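Enquirer: Sending over a structure as structure tokens; questions will come in a sec.
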Amino acid sequence: MTQVFINGATDAANVREHDSLDASIQELIRAAAEARNYAYCPYSNFAVGAAIRTSDGSIYTGCNIENGAYAASICAERTAAVKALSEGKRQFVACAVVAQQDNGFTTPCGVCRQFLAEFASNGRDIALYAAKPTNLPLRVLCTSVLQLLPNGFSFSSSK
Ligand SMILES: [Zn+2]
């Protein structure tokens with residue numbers, strides 16, 4: 001079995017062939033790849049696309065949008081999430097992230113993991129698929145938001 005690089009860790013068990021995934025997952029990855037074409041990333045030149053499926057079956061897409069004031073930039077995952085949330089969709093079922101790195105998959109940054117985990121509450125995890133736009137045969141890292149962010153911050157009011 002080929003070893004696969006995932007942000008410094010090796011994990012071949014969660015990598016699957018794209019064509020073996022459900023059609024709905026392939027559709028989500030395709031949507032993320034299309035959204036990647038709209039990335040505004042003149043500073044990093046690192047384009048990312050994301051797509052989130054909500055519980056009603058809708059797909060919301062996003063790309064990374066950078067800014068000359070770097071801290072004002074937003075990632076593709078949060079762009080997709082805020083589009084869904086601002087239309088009243090809070091139940092996220094799955095998220096796909098597409099970017100091109102020669103070695104390994106692009107998974108959400110720490111801020112996005114925390115942001116998405118907010119909507120993985122009540123025991124509902126969010127499936128997460130990381131893929132590349134090219135490099136056939138296409139392989140996909142299949143994980144989840146809570147796998148990527150175990151023991152993340154959660155706010156519980158004592159009121
Ligand atoms: Zn991020």
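The values are calculated or read from the model by the stated rules, or taken from the named source; none is laboratory data. Keep in mind it's a predicted model, so treat the numbers as computed, not measured. Ideal geometry is used to build each Cβ from the backbone, glycine not excepted, and the neighbour counts take in all protein chains shown. Side chains are part of the model used for accessible areas, which takes the heavy atoms of the whole protein and leaves out ligands, DNA and RNA. Shrake-Rupley method; radii C 1.70, N 1.55, O 1.52, S 1.80 Å.
Enquirer: Filter the stretch 102-127 down to the residues that are of a type in the set (A, V, I, L, M) and surrounded by 13 or more Cβ atoms within 10 Å (Cβ to Cβ), then identify the one that is nearest to the ligand (Cβ to nearest atom).
Expert: Looking at the filtered set, the residue picked out is Leu116.
Enquirer: Which residue is farthest from Gln91 (Cα to Cα), if the candidates are limited to the stretch 42-69 and must be within 13 Å of the ligand (Cβ to nearest atom) and over 16 Å from the mean Cα position of the chain (by Cα)?
Expert: The extreme case among them is Ser44.
Enquirer: So is Gln114 modelled with pLDDT of 95 or more and within 18 Å of Gln147 (Cα to Cα) or not? Give the derivation first.
Expert: Working: modelled with pLDDT of 95 or more: yes; within 18 Å of Gln147 (Cα to Cα): yes.
Spelling it out, Gln114 is indeed modelled with pLDDT of 95 or more and within 18 Å of Gln147 (Cα to Cα).
Enquirer: Right, next: State all residues of the stretch 70-84 that are surrounded by 12 or more Cβ atoms within 10 Å (Cβ to Cβ) and within 14 Å of the ligand (Cβ to nearest atom); if no residue qualifies, say none.
Expert: Pass one, the stretch 70-84, residues surrounded by 12 or more Cβ atoms within 10 Å (Cβ to Cβ): 73-84.
Passing the criteria: Ser73, Ile74, Cys75, Ala76, Glu77, Arg78, Thr79, Ala80, Ala81, Val82.
Enquirer: May I pose another question? Would you call Phe155 surrounded by fewer than 18 Cβ atoms within 10 Å (Cβ to Cβ) and either farther than 21 Å from Glu27 by Cβ or of a type in the set (A, V, I, L, M, F, W, C) (or both)?
Expert: So Phe155 passes the test.
Enquirer: Pairs under 8 Å by beta carbon, first residue β-branched (Val, Ile, Thr) in the stretch 63-78, partner in a strand (DSSP E or B) and away from the ligand (no atom under 13 Å from the Cβ), six or more apart or different chains?
Expert: Short answer, once both residue conditions are applied: Ile65/Tyr40.
Enquirer: If you don't mind, another one. Within the stretch 37-60, which residues are farther than 14 Å from Pro133 by Cβ, part of a strand (DSSP E or B) and either in contact with a Cys (Cβ under 7 Å, 6 or more places away or on another chain) or open to solvent by 20 Å² or more (accessible area, probe 1.4 Å) (or both)?
Expert: Scanning the stretch 37-60 gives Tyr40, Ile52, Arg53, Ile59, Tyr60.
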